[in-house]
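K.L.:
What follows is a single structure, and I will ask about it in a moment.
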Amino acid sequence: MPTVQTRSPDAIAPTLQIRWLLSIAGAVQGLGFRPFVYRLATDMQLTGWVRNSAAGVEIAIEGTPDRLQTFVRRLQAENPSPSEIHTLKLELGEAGDDREFVIQPSGKGRKTALMLPDLATCADCVRELFDPTQRRYRYPFTNFTHCGPRHSIITALPYDRPHTTMRNFTMCPACQAEYANPRDRRFHAQPNACPECGPQIELWDRQGKVLTARNDALEQTAEAIRAGNILAVKGLGGFHLMADARNRRAVERLRQRKHRPVKPFAMMVPSLDMVQSLCEVSEAEAELL
């Protein structure tokens, strides 16, 4: 449980409108935490604001004492996974004239906020990825607030789009509408993008000439791997070499080029079921995977 520190009067009239100032530290940036706070506050008809801070997240929340206590309880119990609240400091503030709850621009200060690593594509995005009726059908950079790149695209804290490499990609009207809609799962998803406005993939030859792009590049790359070729894949965090692990000649050629005759390579598989069909996997190892 997170540490909660409070500085507020012992007795307050139960119907009095008061304002609490919350300072939260932990893994609370880049995980949809602000949209979660926004929805919780608006659903409870509370006013105020939430913003990223250099140390985590800051909240100003106004309502009756009972409602505010319920808000804090739900904040800790319902915060989105895999976010983590390490400390929550609470103090009484001066009542404001807020008429609604809003997400404010990020604050400044000495940067101590935690940033999670990139997160694997979630089940919702995978379904969208393979649904021909969706506009992100087969778009490899699909993400939302609970999955996708984090550490590999950030350039500074707090975690906002202008502080990521996505600042070079202006959202199209459809993506901007998602980003601005509190009821959309991509509300304030900083890497939000689609085939119309986001980054694209390209297939290059050895001389750096672009052979093809977009989905055709994906299909030709897959075919090249099936044919036993080795590819250098530039990801968000650097380069890695890729070959078909079932193709002995391709693996041997990769070992020769990497001067790695014995040390195992990392192997990628699409599911735990396939891992278990290929390897001996203990219960502990399955849980970690």
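K.L.:
Ignoring any ligand, DNA or RNA, what whole percent of the accessible area of the chain comes from carbon and sulfur when the probe is 1.4 angstrom?
P.N.:
52
K.L.:
Hey, another quick one. For Kirkwood radius over Cα pairs in Å, pick the label among (i) 19.7; (ii) 22.1; (iii) 21.5 that corresponds to the value derived from the coordinates.
P.N.:
(ii)
K.L.:
Counting heavy atoms of the protein chains only and a 1.4 Å probe, report the per residue accessible area for the chain as a whole number of Å².
P.N.:
Ligands and nucleic acids excluded, the result is 61 Å² per residue.
K.L.:
Residues of region 181-207 with amide nitrogen under 15 Å from the 7 Å Cα-to-Cβ point of D131?
P.N.:
Within reach of a label on D131, which here means backbone N under 15 Å from a point 7 Å along Cα→Cβ, region 181-207 contributes 184-186.
K.L.:
Then there is this: Counting only the backbone N, which residues of region 15-50 are under 16 Å from the spot 7 Å out from the Cα of A77 toward its beta-carbon?
P.N.:
The answer is 40-41, 44.
K.L.:
Return the unpartnered cysteines for the chain, using a Cβ-Cβ cut-off of under 4.7 Å.
P.N.:
C125, C175, C194, C279, each lacking another Cys Cβ under 4.7 Å.
K.L.:
Label points 7 Å out from Cα along the Cβ direction at M44 and T64: separation in nm?
P.N.:
1.4
K.L.:
To the nearest 20 Debye, how big is the dipole of the chain about its Cα centre, given +1 on the beta carbon of each Lys and Arg and -1 on that of each Asp and Glu?
P.N.:
Here the size comes out at about 1260 debye.
K.L.:
On a full-extension model of 0.36 nm per residue, what is the gain between V275 and A174, subtracting their alpha-carbon distance, rounded to one decimal in nm?
P.N.:
Value of the extension gain: 32.5 nm.
K.L.:
Over the chain, calculate the relative contact order: mean separation of alpha carbon pairs under 8 Å at least 6 apart, over the residue count, as a percent.
P.N.:
Relative contact order of the chain: 15 percent.
K.L.:
Also, quick follow-up: Using helices alone, I'd like the mean residue ellipticity at 222 nm for the chain: each DSSP H run of four-plus residues gives -39500 (n - 2.57), total over residue count, nearest 500.
P.N.:
Per the formula, -7500 deg cm²/dmol.
K.L.:
I've got another one for you. Keeping to pairs on different chains or 8 or more places apart, tell me how many lysine pairs in the chain have Cα atoms under 29 Å apart.
P.N.:
6
K.L.:
Give me the distance in nm between label points sitting 7 Å out from Cα along the Cα-to-Cβ direction at D98 and A54, one decimal.
P.N.:
That separation, rounded to one decimal, is 2.3 nm.
The values are calculated or read from the model by the stated rules, or taken from the named source; none is laboratory data. Please read all numbers here as calculations on a predicted model, not as lab measurements. Because the Cβ atoms are built from the backbone with ideal geometry, glycine has one as well, and the counts that use them run over all protein chains shown. These accessible areas exclude ligands, DNA and RNA; they are computed on the full protein's heavy atoms, side chains included. Shrake-Rupley method; radii C 1.70, N 1.55, O 1.52, S 1.80 Å.
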